[in-house]
Structure formats: structure tokens, C-alpha cells
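Undergrad: One structure coming up, written as C-alpha cells, with questions to follow.
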């Protein structure tokens, strides 16, 4: 159906260039669903497009809809319109946080709290000395992770600010400092500065 990485955005004005590509992507997705009717639609986060697709799947195709990692309306919402919509068109909401489950239940959602997927991953996270040894970071060195987020806009706007902050920290902190920037490709992970 297509890759949506190029249309992810944050902010109202910043999202404007992505409105038309998002509608085009939704039109293609709806056509695909009409031609290849699935047994179940699973929506993941991405509130506005998934609310539209959820309504479409439920009302026009009569497909059961599940939501995994429902939008965190319980944290940041200014109203309950999306919450009511999600609780209304879903057959199941798989919540990763207990508060998320409680929130959607109070709006009539059929919710199952499944826990956060990162909890399983955290069981295998090495402790500090083991992590430093694996990454080759001496105990005497200050290691700082830079996290500009994942959307293209966030990287474009936040990465330069983080790099400036890193340079200031490097100048002001005593002793050796390394900066780490997680990348999607393990072969590209390198400490900064080189």
C-alpha cells in the first residue's frame, strides 16, 4: 500500500505540506482494502489517518478493527472527539499502559491491557559496566546520548540544536566526552565526535 515515513510530521503548520500526500495515500489504501478485503484491520497509533481508515473499514467494508498502541489521547488530548471515535469503531483496543486501558474503557472501548513491548526488551539490557564494555566506553569517559526523535522534521530541527549543545558540553565538561546518536542501521553507529 505504500510507505508513510515521508508524510509523518509534527505541528499544525509543519503538517500542511503533508495533507495532500496523506489523502492520496489514504485513497490508495482504501482502494487496496476494497480489492483485497482483509479479515481484520489493525491500526497502530497515527491518530488522524487511522481514525479515518478505522471508520472506513468498519462502516463501508464491515471489517473488524483492532487498535494496538492507540493514540495517547489520555496524555495530550484537548477534547474527546478522537477518543469517542476510536472507542466507537474498534472491536478491540490493545493498550500498552494501564492508564491508557482505563481511559479508553471509560469511553466504552473494549480494551485489553497487553503491556508495553519494550518491557520484554529491557530484560536483556546490560547493566552500565557491561554496556560500556560492549560499546568500548572507558569508565573515565562521560557518555551522552543524543535523541532528536524519529520523524524527519524532528531530526531536521532538533539535531542541529542537539549538536550545538553537544559542542558546548564538550567544551565545558572536564575529561573525555563522547556523544552517541542511535541510528537505524547498526553499521552506521559511531561515537561523536570522531
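Every number in this text was worked out from the coordinates using simple rules, so none of it is lab data. Just so you know, these numbers come straight off a predicted model, no measurement behind them. Positions of Cβ are generated from backbone atoms using ideal geometry, with glycine treated the same way; all protein chains shown enter the neighbour counts.
Undergrad: When the Kirkwood radius is taken over all Cα pairs of the stretch 37-119, what Stokes-Einstein diffusion coefficient follows at 4 °C and 1.567 mPa s, in µm²/s?
TA: Roughly 103 µm²/s, to the nearest whole number.
Undergrad: Using a Förster distance of 30 angstrom, determine the FRET efficiency expected from the C-beta separation of residue 119 and residue 139, and round it to 0.05.
TA: Efficiency at R0 = 30 Å is approximately 0.60.
Undergrad: What number, rounded to the nearest 500 deg cm²/dmol, is the helix-based mean residue ellipticity at 222 nm of the chain, given -39500 (n - 2.57) per DSSP H run of at least four residues and division by all its residues?
TA: -13000 deg cm²/dmol
Undergrad: Taking the alpha-carbon centroid of each part, what is the distance from the stretch 95-160 to the stretch 36-86 in angstrom?
TA: Distance between centres, Cα-based: 24 Å.
Undergrad: Does anything in the stretch 130-148 have its amide N under 11 Å from the 7 Å Cα→Cβ label point of residue 180, and if so which residues?
TA: 130-138, 143-146
Undergrad: Per 0.36 nm of contour for each residue apart, how much would the distance between residue 78 and residue 91 grow if the chain were fully extended, relative to their Cα-Cα spacing? Write out the running numbers ahead of the final one.
TA: Numbers: separation 13, 0.36 × 13 = 4.68 nm, distance 2.44 nm.
Length difference between fully extended and current span is 2.2 nm.
Undergrad: Hey, what angle do you get for helix 19-35 against the long axis of the chain, alpha-carbon based, 0 to 90 degrees rounded to 10?
TA: Orientation of helix 19-35: about 50 degrees from the principal axis.
Undergrad: Right, another one. Is the C-alpha gyration tensor of the chain telling us rounded, prolate or oblate? Criteria: a/c under 1.5 is rounded; beyond that, a/b larger than b/c is prolate, otherwise oblate. Intermediate values should be presented prior to the final figure.
TA: Details: a/c = 2.40, a/b = 1.87, b/c = 1.29.
In terms of gyration-tensor shape, prolate.
Undergrad: Extending each Cα 7 Å along its Cβ direction at residue 147 and residue 27, get the distance between those two points in nm, one decimal.
TA: Between residue 147 and residue 27, the label points sit 3.9 nm apart.
Undergrad: While we're on this one: Once both labels are modelled 7 Å past Cα along the beta-carbon direction, what's the residue 13-residue 170 spacing in nm?
TA: 3.2 nm
Undergrad: Place a label point 7 angstrom from the Cα of residue 42 along the Cα-to-Cβ direction, then list the residues of the stretch 79-104 whose backbone nitrogen is under 18 Å away.
TA: It comes to 90-97, nothing else.
Undergrad: Further question: So what's the angle, to the nearest 10 degrees on a 0 to 90 scale, between helix 152-172 and the longest Cα principal axis of the chain?
TA: Once rounded, one gets 20 degrees.
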